[in-house]
Structure formats: C-alpha cells, structure tokens
1. When you go through 399, 380, 416, 395 one by one, which is the residue that is more than 22 Å from residue 284 (Cα to Cα), free of Cβ contacts under 8 Å to residues at least 60 places away in the same chain and among the hydroxyl-bearing types (Ser, Thr, Tyr)?
2. Can you tell me how many residues within the stretch 545-559 are modelled with pLDDT under 90 and either in contact with a Lys or Arg (Cβ under 9 Å, 6 or more places away or on another chain) or farther than 18 Å from residue 192 by Cβ (or both)?
3. Could you list, in sequence order, the residues of the stretch 147-172 that are touching an Asp or Glu at 6+ places or on another chain (Cβ under 9 Å) and outside any strand (DSSP E or B)?
4. Do you know which residues across the stretch 235-256 are in contact with a helix residue (DSSP H, G or I) (Cβ under 9 Å, 6 or more places away or on another chain) and either surrounded by 15 or more Cβ atoms within 10 Å (Cβ to Cβ) or of a type in the set (S, T, N, Q) (or both)?
5. Please find, within the stretch 472-503, the residue that is nearest to residue 523 (Cα to Cα) out of those that are under 16 Å from the mean Cα position of the chain (by Cα) and open to solvent by 10 Å² or more (accessible area, probe 1.4 Å).
6. Residues being under 17 Å from residue 308 (Cβ atoms), open to solvent by less than 20 Å² (accessible area, probe 1.4 Å) and assigned to a helix (DSSP H, G or I): count how many of those fall in the stretch 355-413.
7. In a loop (DSSP other than H, G, I, E, B) and either over 24 Å from residue 20 (Cβ atoms) or open to solvent by less than 30 Å² (accessible area, probe 1.4 Å) (or both): which single residue out of 134, 175 fits that description?
8. Out of 538, 530, I need the residue that is among the acidic types (Asp, Glu), in contact (Cβ under 8 Å) with a residue 40 or more places away in the chain, open to solvent by 10 Å² or more (accessible area, probe 1.4 Å) and in a strand (DSSP E or B). Which one?
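The values are calculated or read from the model by the stated rules, or taken from the named source; none is laboratory data. Remember, it's a predicted structure, so these values are computed and weren't measured experimentally. Cβ sites come from the backbone with ideal geometry, for glycine too, and all protein chains shown count toward neighbours. The area values use the complete protein model at the heavy-atom level, side chains included, leaving out ligands, DNA and RNA. Shrake-Rupley method; radii C 1.70, N 1.55, O 1.52, S 1.80 Å.
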Amino acid sequence: QRGGKKRFYVRKRFIFFFRIYEEGRERIPEHPYLFETDVEICLIGGSCKSPIERFWNGNNTIYILQKAQCNEESDPAEESKADDAIYASELLPKESSGPAALSVRRAKQLISLYTMVQNPNMTHLEISDLVALPPLWIRCDGSDPEHTYWLGAEPLKAGNKITGINFYMVTCDGPTADKTCFANLEELKMAHKMKHHSSVVMTKGFAQYELIRGAAIEDTIVESESNIYVDITWNTVEKILETPPLISAATLNITLESGDPRSPVYQLYRELQFLLALAEGLKTGVTEWPELLESESAVELVQEFLTDLKKKLDGYCISGNSNETEKIKCDTAAVDSSIKSIFSERGDLDFAEQLWCKMRSKCVSSYQELIECFTRIIKSVEHGEIQPWIHQGSSSLLSKLIQQSYHGKIEVVSLSGITPIQMLLEIGLDKMKKDYVSFFIVKSGSCLLFQDYFISTSVDLQEQVHRVQKLHHMLEIMVSCTVLLQFKHENLFPLTQICMKYYKENPLNEKHTFQLPIRPAFVKKFYQNDHPEIWKVDISSGHGQREVKTTWQVSTNPPVEHMTSNNTGLFSDSTVNGSSEERMYFITMAKCSQVHFM
C-alpha cells in the first residue's frame, strides 16, 4: 500500500510537470505555478532572459523551481498524504514578488524526483508515454558547506529515448580581493580530467569589460542606467585572468538612456522635450507651457524676425538661393565646441525651421501668445510683406500656406482649438526630422534603407513624434560612440543599421541593449589596463551528448540574483571601496556530471 502511494505521488508529479510543459509550448506563462505547498515552478523560454545563461548554454525551454512566496517549507512526505485539491485546481497562477531560494536539502529531493520520472527503467511507476521534460534548475540558498546556489538536471536523449541525465551544481564564494583564493588553471584542468576520466580537455575564455558607465549626476540621486561594455571570447586559455588576445571575438553591448545633461546633444534633447510637450497637449487637450524666463517674449522675437525679413525681401524671394538664408543661432548650435564636428547645425534652415528655433528658444509661454505669433506670421505672408523660402516637400500647414502665397492667395485658417499647437508641432517635426536624417546620412554614412519609415508623413502626428524619439535615441548612441570610443565610419555604419532595423520593428525602448560585433583592437585601449567585470574559463571534454564542462568564474556582481537578498550578511564585512585598487570578486564554480540509464 505504501509503495502504491509513492507510485501515485510520483506519477502525479510527472503529470504536473508535463501539463506545464504542454501549456508552455503554446504560450510561456507569465506567472509561476504552485507545486506542492513550498515550491513554485516558472517556465522560461522564448525571448525570456535565462537566469542561468552564464553556466548553461542550452537554448531550450527550462523549468526554474524556487521557494513559493509566503509559504514555509514542508516535508514532502506530508505532501503524499495530502488530498488532490492542489491537482484538481491544476495550474493556478500565483503572484510573485521576486525569486526566493530553497534549502539545498529540499532541492536535492526535487532533483531525485525529477530523475525518477525521467528514468525509463522505473517501469513500476507505470508512466505511459514517457517523454523528455525540459531541463530543470532549482534556486538554492547556499546553506551547505559548498555554498550551492543552483542545482540542475537535463535529460540526455538518443532520438526519442532518454538515455541519462546531466547533473549541474553551481557554487559561489565571496566577494574577496584576495587573489590567493583564485584557482590555478592547471589544477582546474587536472581535476576535470580526473573526475571525467578525460585525457584531453579544451579551454575557452570569456571576459566582460565595462568601457563606459553612466555615473550619478552631481546634486541628484538618480543614476543613469547607461553603459557600454564589451564581451570577448577566445579559445585556448593560458592562465587565470589573462587579457584576451586580439584574435578574440568581441561584441559591444550598448545600453543608453537619453537626457544626460553632459551629453553633447543635450540641447537637442531639450528641443525634443518641447516637441513631446506639444504632442501631449495635442492628445490630451492640456498643454503645460513653460515659465517665461526671458524678458523678451516669443511674440516680440517673432516680430523682430518678421521685420528683419521685410528688410531682406530680396534674399527670401522664391528664386532665392538657399545658401543666402540667414543662419539662425538656435539652441541646437549653442553647444560645446567638441560636438560641432559631430552634430553641427544645418546651414539650410528654411523660414519655418528658423521660426521654430526662435519660438522654441524663447519657449512660447501660453496659448494666447502662440495664437498671436501665428496671427502676425500669417498676416505678413498674406499681405506679401515677406516671401520666405521653404524646403520642397515640407508637410506642415504653415509651409503649405507659404507655398500658396507664391501664387498670390492662401486659404483661410482659423487659429482656434488645437490648430495653433498642431501648426507649431508640425514645423518642429519637419525641422527635427531633417536634423536627424542629415546626421545619419552625412556623419554615419547610412543609406536610406529604413529612413522612409522614420520620416514618413503618412502616419498620424503622434506616431511621427514617436518615430522622431527613436531617431533621437539612435543619435545619442552614435554620438556617444563617436565621442567616447572614437568610432569612425567602419563601426558607425553597421551600428546605425542595427539600430534602424530594431526600431523599425519595435517601440521605443531605451533599456534595450544594442549589440555590435567588433574587432578587439578597436577598443583594446579602453580595457587593456583595466580589471574585467566578469572573467571565466570553460574547461570541457567529450563531444555531443557526452560533453561535460567545468566553469570557473570571477565577477564584480553577485552571479546569482537570489544570492543578494538571502545572504546579505555574507557581504557585510566585505564592502567594496570605490577608491581601492583591488577589485572585489565573487568566485563561482559550475560543475557537471552524467548518469547513464542504458
């Protein structure tokens, strides 16, 4: 009778695992599922970031088991006595506040259970249609002497048959600056050979260096999430913490948030913010006008501009040369001299673009002021007092009115409701689109592969604004790489294409990491004398299903996300001193072993 209950218990667990797997084949669940009373299961797959990607290079869907939130651990023996209520409810989603770890003892029990339901020799369990389940990884609390933080199991298959199990164990110590705690590479290789009875091993290195990090801005508590780092991989490692050779493969990882006041294009960012405020006002009907900081109002500035144009009418006639257009020193050009060679003001600003610079620089401070500005402009155009030059193809209402004036008559426009705000937004959009396109064509040498998408006027104004935001984010990335990493066309061109491709297919996401394959020689000077953020060596032997691997790694951050919350005391005596020359590292080992059923 006792054996029958155990078989029933194991079969039920297999069915539970299998049901989650089947549901996950259609759609990866957003929430973890309760398994027994103390454990919850997450199914990770698709585009989800794997929490064990540093220690396991599989690309399959995986189970992550962790401690259930707000539940005390219980004896699994008691679970076998419980009724079937938990199974009758099947897969019930459960909210989670973050990952929590199980004890190593409990994790080993779950690994044993998983191994039983995957072993084809356990025929007494009467599991029909045995299938290979996804690999299983369990968060552990590091309470054992080895400080184990992950235990994993992965079925080995030959065709449709399960032939064995790969077991994984990830342990971690630290942080420490004591390099005598670091392993010796030859000893690591020897230990691997002895454990796996291998005569030949291969080594592969990985290093991650932080090239640029957004530091906290003075007098603020907000720290930028921006950073640029490089991942480097190479074969045949000679010693622990060696600098990667120049024949390595390298990938630049760029995550950049717009709006850093220290950015060379910060003034352009402010210009974009004014554009966004207009777009928001157009959408909600409520515009937040900036406070007037200058003694001269936008109306006075616009009037001066119109008066000046009357005096220079010949220079703004229809047939006039655009090169004779007066160059307006708008805020875009009032930037640090270091950026002039990278993002300089265009010399072909037309009337509407110059007007945008005037009105934005003085920040129109009210709706009535905006109406007054456009009333004076339209009156001057209508009466022929000015004949300004406008770019061909400009799509704003003001540009169309000016083009109509060339033929002696313009349509009547009622400056009421949202019309004045929309008119200002349109000329701002026209101007900023040309600014960005000018940079990407002239500076990065980018072709027009996707630029029709970014400058299209066939979508509504809100979508046009959204696409201009994407252009600005791309500009910030290009300028940062140009200024900080001295990028030239050879790297700017492919990076531009990568960003354009992403933003043609995805919404604005300043937390996205753009990846650019690059030759290490381009960035070596930025890391050759620096300490790596991560350095690891993989020691492997065997091939295919028989391949086994040992990983030794050091990292400046905890390698396991559930490690920090559960083991804060571990770090209390090891505070990292930012001014210290010694880098504090966590030391991680990942080992694997195999059990064959046949």
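1. None of the others qualify; the one that does is 399.
2. Qualifying residue count for the region: 1.
3. Listed by number, the list holds a single entry, 147.
4. Within the stretch 235-256, 237, 240, 241, 243, 244, 248, 250, 252, 254, 256 qualify.
5. Only one residue fits best here, namely 498.
6. Number of matching residues: 9.
7. When all the criteria are applied, what remains is 134.
8. Criteria check complete, one pass: 538.
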